[in-house]
Amino acid sequence: MTQQASELLQKALALSEEERAELAGSLIESLDATVDKAAEAAWNQEIARRIRDLDSGRAQVVVWEAVRSRISAKFFASRKARADFKVFDKIMGRRGGKRPRAGDELPTRTGAKEKA
C-alpha cells in the first residue's frame with residue numbers, strides 16, 4: 001500500500017461506522033464500473049439455463065437444512081471410520097481429568113503418531 005493510500009485509510013478509519021459503510025459501498029461500486037461483457041453474457045446464459053432446468057423439472061430444489069444434514073452425516077461418518085475408540089476410552093477413562101501423557105498419541109493415517 002502506498003503512503004498516500006495508508007494515510008487515506010487512517011482518515012477513513014476515523015469516520016463513524018455509518019460513514020465508513022457508505023464510503024466502502026462507494027469504493028466497491030467504483031470497482032464495478034468496468035463490465036466484462038463476455039462474463040455478463042455467460043452468467044445470463046447460465047441463469048437462463050438453470051431457470052429452464054427448474055421449470056422443466058430436470059433440476060430439483062433442495063432445502064439448505066437437508067443439504068447441511070447430508071454434509072454433516074458424511075463428515076461424522078468419515079471421522080467415526082478413522083476413530084480409535086480404544087485410545088479414546090483409555091484417555092477418557094482417567095480419573096480427575098489428568099493431563100495427557102506419553103502413550104496418549106493417536107495413530108494417524110500414515111502410521112505416525114500425533115498427540116491427543
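The values are calculated or read from the model by the stated rules, or taken from the named source; none is laboratory data. Just so it is clear, the model here is predicted, and its values are computed rather than measured. All Cβ positions, even for glycine, are placed from backbone atoms using ideal geometry, and neighbour counts span all protein chains on display.
Going through (1) at pLDDT 90 or above; (2) outside any loop (DSSP other than H, G, I, E, B) one by one, R58 falls short only on (2).
If the condition is being over 29 Å from the mean Cα position of the chain (by Cα) and assigned to a helix (DSSP H, G or I), then region 1-11 contributes Q3, Q4, A5, S6, E7, L8, Q10, K11.
Could you tell me which of the residues R70, R79 is in a helix (DSSP H, G or I), of a type in the set (D, E, K, R) and surrounded by 10 or more Cβ atoms within 10 Å (Cβ to Cβ)? Give the derivation first.
Details: R79 fails: surrounded by 10 or more Cβ atoms within 10 Å (Cβ to Cβ).
After ruling out the rest, the residue left standing is R70.
The residues on offer are G25, G96, and the sole one that is on the phi > 0 side of the Ramachandran plot and out of contact with any strand residue (DSSP E or B) (no Cβ under 9 Å at 6 or more places or on another chain) is G96. Of everything listed in (1) in a loop (DSSP other than H, G, I, E, B); (2) at pLDDT 95 or above, the single unmet condition for D53 is (1).
Number of residues in region 59-76 that are farther than 21 Å from R49 by Cβ and among the polar types (S, T, N, Q): the value is 2. The set of residues in region 1-49 that are acidic (D, E) and either within 30 Å of A59 (Cβ to Cβ) or out of contact with any helix residue (DSSP H, G or I) (no Cβ under 9 Å at 6 or more places or on another chain) (or both) comprises E7, E17, E18, E22, E29, D32, D36, E40, E46. Tell me which of these A33 doesn't satisfy, since it passes every other one: (1) in a helix (DSSP H, G or I); (2) at pLDDT below 90; (3) not acidic (D, E). The one condition A33 does not meet is (1).
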